[in-house]
Amino acid sequence: MVLKRSVLRDALEGVSDFKEDRLYIIPLLSKIKKADIGNTSLDLRLGRWFLTLQQSSRTELDFFEAKDMTDNYLARKDFIRFDDSYVLHPNRFVLGSTLEWVRMPMCCAGSIVGKSSLGRHGLIIETAPVVHPNFSGCLTLELANVGEVPIALRPGMEIAQLQITRAEGSGSGAGHFNGNRRPSLGSVKKDLTQGRLIRGRYKSA
């Protein structure tokens, strides 16, 4: 069940069902009653750190062999001032992050969706969709320009929307991306099932 505006306000204020476990969005640049709250979502803004994937002479990137996905040959870190912009050229991709630090209640999960007003100009948010219960940190955004002209990304601009749903039942909380303030490439764990397939330990039906 997606939380609507009145329940989102309760979650931000820590009242009603959220007295013991509230939603934090820091900084919340407006007063809660006049915050960037849509009917079923909260607007999030673009932060100042970017991670640009570098062109490389490597013939391939093997996720299971790369020891450090943040090696310099893979990505360059850029810090952009609020009065400046990061230019994203057509057919290019960059990792950004939200300006806001988000702390999700244990009873909720979230999903990031792009803003249609930006998407219609070619800016696509290709982000990992799930914000797990009890997640705490800035959200990494995968930004791609599929349009025909360069796009100026300005820190502080509204970039995406956070939709929040109820998460019921037992289970663990946030994963290994918890606590990040800057965008990160992360790592890909080796697939044990794939390893067994390679070694021929699974028989075909």
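The values are calculated or read from the model by the stated rules, or taken from the named source; none is laboratory data. As the structure is a prediction and not an experimental result, all values here were calculated from the model. Please note: Cβ atoms are built from the backbone with ideal geometry, for glycine as well, and neighbour counts cover all protein chains shown.
Taking residue 117, is it at pLDDT below 80 and exposed (fewer than 13 other Cβ atoms within 10 Å of the Cβ)? Reasoning before the result, please.
Values: at pLDDT below 80: no; exposed (fewer than 13 other Cβ atoms within 10 Å of the Cβ): yes.
Taking the combined requirement at face value, the residue does not satisfy it.
Just give me the residues in segment 122-149 being more than 17 Å from the chain's Cα centre (by Cα) and surrounded by 13 or more Cβ atoms within 10 Å (Cβ to Cβ), in sequence order.
From segment 122-149, those more than 17 Å from the chain's Cα centre (by Cα) are 122, 146-149; that's our starting set.
Within segment 122-149, 122, 146, 147 qualify.
Could you grab me the full set of residues in segment 130-180 that are modelled with pLDDT under 90 and more than 19 Å from residue 24 (Cα to Cα)?
Initial filter on segment 130-180 (modelled with pLDDT under 90): 130, 168-180.
Once the filter is applied, which keeps residues that are modelled with pLDDT under 90 and more than 19 Å from residue 24 (Cα to Cα), segment 130-180 yields 168, 169, 170, 171, 172, 176.
For segment 68-112, give me each residue that is at pLDDT below 90 and either crowded, with 16+ Cβ neighbours inside 10 Å or touching a Ser or Thr at 6+ places or on another chain (Cβ under 9 Å) (or both). Steps first, answer last, please.
Our first condition is that a residue be at pLDDT below 90; within segment 68-112, this holds for 68-76.
Result: 68, 69, 70, 73, 74, 75, 76.
Could you run through segment 75-89 and say how many residues are of a type outside the set (Lys, Arg), more than 21 Å from residue 146 (Cα to Cα) and outside any loop (DSSP other than H, G, I, E, B)?
Residues of segment 75-89 of a type outside the set (Lys, Arg): 75, 78-80, 82-89.
With the extra rule that they be more than 21 Å from residue 146 (Cα to Cα), the set shrinks to 78-80, 82-84.
Adding the requirement that they be outside any loop (DSSP other than H, G, I, E, B) leaves 78-79.
Looking only at that region, the number is 2.
Search segment 110-122 for residues that are in contact (Cβ under 8 Å) with a residue 60 or more places away in the chain and pair each with any residue that is in a loop (DSSP other than H, G, I, E, B) and not charged (D, E, K, R) when their beta-carbon atoms are under 6 Å apart and the residues are at least 6 apart or on different chains.
These pairs meet every condition: 112/127.
Please determine, by comparing only the residues of segment 103-136 that are in a strand (DSSP E or B) and small (Gly, Ala, Ser), which one is farthest from residue 184 (Cα to Cα).
Among residues in segment 103-136 that are in a strand (DSSP E or B) and small (Gly, Ala, Ser), the one farthest from residue 184 (Cα to Cα) is 109.
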